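K.L.:
Structure in structure tokens, see below.
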Amino acid sequence: MNFYFDAAKIIDRLDAKHGSVKSLLSTLPEKSRKRTAALVIETLKYKPALAEVIAAANLLKQERKITSHSLALLLVHDLLLSGGIQAGDGPVKQALLRHKTRLRSEWQRVKIKRGAKTDGELALADDDRTARIPRYARVNALKWTIDEAIKAIQRRGYVLGDPLDGMCVPPVVHQFTEMIPQFISRPLRNFTRDAHVENLLLFPPQARLTDTSEYFDGRLILQDKASCFPAVVLDPPSYPGSVIIDATAAPGNKTSHLSALMGNQGKILAFERDRKRYGTLKTMLARAGCSNVEALNVDFLTTDFDDEKYAHVTHILLDPSCSGSGIINRLDHLVESETESSSVAHTERLTKLATFQLQMLRHAMKFPRVENIVYSTCSIHPEENEQVVAATLRSMEATAGGFRLAPRSVVLPEWSRRGQPGILDDTDTEAVVRCSPGEDLTNGFFVSCFIRRCGARPSMREAEATIVERNDATDSPSFTMSAKRKIHGEDGAGSTVLPPPSSQRRKKRKQKI
């Protein structure tokens, strides 16, 4: 029966939005993971119908030994759909069996109500958007070259061509916007290079790469295309002595991408506050051969930005916790299909997430020498994206530090989908990047880049005055986008003027005392 209790905990955590289906299943003990995962996934497929049966039979009210709704879902699933409960005749199993006839009767009523002729017709339909997203694999440049990778993949029977179509095409063809992917009887063996991200390869959606030696030894890293954008936009420095921060690093895909872009030069401080995810991060970095990363089991928000350790940090990658609403895979639609986007709970959750995300950005802007901050989410909600960016630009830290959004010309200029209109001004809307799940051959994603303005850094008192002036102006009924651009300022190109290191600022404070 412990098998069912473990599975019930996974469903409870999914209901509480504590992670994706895949990530939570990965926390199960390896010896029982396959069996438990199969039960959880199959139960989720039938969850709406099973929940209706449990409610109609008043199961939880009549049997106190069945302590949770998630446990009831699993047990009823196996009773009705899997040939029986796989456990000894304990009190919980006996409690359920007392209602076997009623449960089967209610199941038949649900089938009649929904016009289902078979049990399978009550299962949730697959998310067809998954068929429009290739399987992406990033070639780990720390271990081999893209040419070596292509030759190795060709030796496995793959050919250069469109991974969403059975016909081979020249390898220079990278755009698939006109294609309508379809499942076909024979497995596709086409792959190609990506047009926007260096060292990224595209495979058919159903390609199995996790059982290859290239995956196991870290030469190939499975990473969605949109997830590669933050490191590309940050464009980290790769000279000895450079220091950058990955503020929320686990599981390590983006961190290892940064390390590859830096060629293992300089230093990456990779923060992860959760102990278990920190272990996952270290395992990932070791497998990828990232020797320039210092993994820290520390909450980024607790760091002292004045500490000498961070005096030379110039770039920060910030990909904080988010709703994950842009993630499209073969499992999470089983959970998302039940979510009511207009519910009060959903709105409250987005508000809490946005508050946290803004807090992380404001803290990042306090680092004295930071020049570039990339903020990204795997969310499609403007509350976590454009609205957080707008609030950041109005913040004390942005004004005091002289931060603005980097222009489109340096933020994936060839990517066509930009910010959602009506939240930022036109220039800033063009400066941020969006990915639409299913439409852009990626998961849903958002990327923005803050850079420090040219010129002297204003004092906190001047910043406060500017914020008051800005808020008064934007609250005015006659406020226009052109006026907003004047308030935010339009700076020309030029070198970034950095604040003095923290040691010099401390000396000045001592002199004043």
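The values are calculated or read from the model by the stated rules, or taken from the named source; none is laboratory data. Since the model is a prediction, treat every value here as computed from it, not as a measurement. Backbone-built Cβ (ideal geometry, glycine too); neighbour counts: all protein chains shown. Note: accessible area is taken over every heavy atom of the protein model, side chains too, but ligands, DNA and RNA are not part of it. Shrake-Rupley method; radii C 1.70, N 1.55, O 1.52, S 1.80 Å.
K.L.:
Could you pull out the residue among R186, R208, R193, R132 that is open to solvent by 20 Å² or more (accessible area, probe 1.4 Å) and at pLDDT 95 or above?
P.N.:
Of the residues listed, the single one that is open to solvent by 20 Å² or more (accessible area, probe 1.4 Å) and at pLDDT 95 or above is R193.
K.L.:
Kindly indicate whether any position in the range 43-52 is under 37 Å from the mean Cα position of the chain (by Cα), closer than 30 Å to L350 by Cβ, surrounded by fewer than 20 Cβ atoms within 10 Å (Cβ to Cβ) and free of Cβ contacts under 8 Å to residues at least 40 places away in the same chain.
P.N.:
Scanning the range 43-52 turns up at least one residue that is under 37 Å from the mean Cα position of the chain (by Cα), closer than 30 Å to L350 by Cβ, surrounded by fewer than 20 Cβ atoms within 10 Å (Cβ to Cβ) and free of Cβ contacts under 8 Å to residues at least 40 places away in the same chain.
K.L.:
Is there any pair linking a residue in the range 276-290 that is modelled with pLDDT of 95 or more to one that is part of a helix (DSSP H, G or I) and surrounded by 19 or more Cβ atoms within 10 Å (Cβ to Cβ), with Cβ under 6 Å and at least six apart or on different chains, and which?
P.N.:
A288/S256; C290/S256; C290/S259
K.L.:
Cβ-Cβ below 6 Å, separation at least six or inter-chain, first residue in the range 415-427 and within 16 Å of I380 (Cα to Cα), second basic (K, R): which pairs?
P.N.:
Partner pairs satisfying both residue conditions: R417/R434.
K.L.:
Kindly indicate whether any position in the range 303-313 is within 24 Å of F403 (Cα to Cα), modelled with pLDDT of 95 or more and among the polar types (S, T, N, Q).
P.N.:
Checking the range 303-313: at least one residue is within 24 Å of F403 (Cα to Cα), modelled with pLDDT of 95 or more and among the polar types (S, T, N, Q).
K.L.:
Sticking with this structure for a sec: Read through the list (1) closer than 22 Å to S448 by Cα; (2) open to solvent by 20 Å² or more (accessible area, probe 1.4 Å); (3) modelled with pLDDT of 95 or more; (4) of a type in the set (S, T, N, Q), then give the number of the only condition that S321 fails.
P.N.:
Single failed check for S321: (3).
K.L.:
OK, next. Is it the case, given these coordinates, that Y4 is open to solvent by 10 Å² or more (accessible area, probe 1.4 Å) and either at pLDDT 85 or above or among the hydroxyl-bearing types (S, T, Y) (or both)?
P.N.:
no
Condition check ((1) touching a His at 6+ places or on another chain (Cβ under 6 Å); (2) closer than 30 Å to R109 by Cβ; (3) of a type in the set (A, V, I, L, M, F, W, C)) across all residues:
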position: Y4; (1), (2), (3): no, yes, no
position: A8; (1), (2), (3): no, yes, yes
position: K17; (1), (2), (3): no, no, no
position: S23; (1), (2), (3): no, no, no
position: I41; (1), (2), (3): no, yes, yes
position: K65; (1), (2), (3): no, yes, no
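K.L.:
Okay, moving on. Where the second residue is part of a helix (DSSP H, G or I) and open to solvent by less than 20 Å² (accessible area, probe 1.4 Å) and the first is under 20 Å from A250 (Cβ atoms) and among the aliphatic types (A, V, I, L, M) and lies in the range 299-315, which pairs have Cβ atoms under 6 Å and are six or more apart or on separate chains?
P.N.:
Taking only residues 6 or more apart or on different chains, the pairs are L301/H363.
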